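Structure record follows, encoded as structure tokens.
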Amino acid sequence: MKQKFLELLRQVKREGIEELINFLEKTDFFKAPASTRFHGSYEGGLAEHSLKVYEILKHKVATNIEPLEVPEETIIIVALLHDICKANFYKVDYRNAKNELGIWEKVPYYTVDDQIPYGHGEKSVMMVSEYIKLTPEEKYSIRWHMGYTEPKEVYNTIGAAYKKYPLALLTHEADLEATYFYDI
């Protein structure tokens, strides 16, 4: 999975991409879960989720009723890096639980340890931008990939972003589909 992820990311021909890849390899990105319990809550879930979002987003762009001219490079960046903010974000902790024999034992679970409290989509945009230049469409697509799970106070802003950049809406849909249809 890591190999496929890196092969796709290396198709991006922008200054700083190798530095971004080096950063990812120094983090827990490829071992991290996608969430603590909602989807992909297992080792490697984040990378698997990101690859599934790429697969879905690529299909959505290709089959959209209104033709969209979105470069492959943009699809790769948006899909693979929309959740980069989850690198070094989860930690393993332990709690007591009964096993199948009814005996108490310590079991691992994922918990959040947010060292950079800068939000979610905006944090991913910030992190990617430290390495490569993003287009406005890429910024908006990554920033608003959580869609209407954001606070209701920003719903008008989300709607305006989706109208201006349809890829942002398709990214949100791809993220939801990966989460709810595939549980990753």
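The values are calculated or read from the model by the stated rules, or taken from the named source; none is laboratory data. Everything quoted here is computed from the prediction, not taken from an experiment. When we count neighbours, we look across all protein chains shown, and the Cβ atoms used for this are built from the backbone with ideal geometry, even at glycine. Areas reflect the complete protein model, heavy atoms only, side chains present, ligands, DNA and RNA absent. Shrake-Rupley method; radii C 1.70, N 1.55, O 1.52, S 1.80 Å.
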**Fill in**
Here the relative contact order (percent) of the chain, from C-alpha pairs under 8 Å and at least 6 apart, is 25 percent
**Calculated [θ] (222 nm, deg cm²/dmol) that DSSP helices of n ≥ 4 give over the chain, each run adding -39,500 (n - 2.57)** = -14500 deg cm²/dmol
**Message:** Treating only the Cβ of Lys, Arg, Asp and Glu as charged (+1, +1, -1, -1), what charge dipole size does the chain show about its Cα centre? Round to the nearest 20 debye.
**Reply:** 180 debye
**Sequence of ARG143, ARG95, ARG37, ARG10 when ordered by accessible area, the most exposed leading, probe 1.4 angstrom** = ARG37, ARG95, ARG10, ARG143
**Message:** Taking 41 Å as R0, compute the FRET efficiency from the Cβ-Cβ separation of SER129 and LYS106 and round it to 0.05.
**Reply:** 0.55
**Asked** With the other protein chains left in place, how much accessible area per residue, in square angstrom, belongs to region 9-53 at a 1.4 angstrom probe?
**Response** 48 Å²
**Prompt:** Ranked from highest to lowest mean number of other Cβ atoms within 10 Å per residue, what is the order of the peptides 134-140, 45-51, 63-69, 107-113?
**Reply:** 45-51, 134-140, 107-113, 63-69
**Prompt:** For GLU7 and ILE21 in the same chain, what is the full-extension length gain: residue separation times 0.36 nm, less their Cα-Cα distance, in nm?
**Reply:** 4.0 nm
**Label assignment, mean projected area of the Cα convex hull in nm² derived from the structure, set (i) 11.8; (ii) 9.6; (iii) 13.0** = (i)
**Prompt:** Using a Gaussian network model of the chain with C-alpha springs under 10 Å, which one of TYR90, TYR165, TYR155 is most mobile by mean-square fluctuation?
**Reply:** TYR155
**Prompt:** Which distance in nm do the two modelled labels at THR63 and TYR42 give, with both placed 7 Å along the Cα-to-Cβ direction?
**Reply:** 2.6 nm
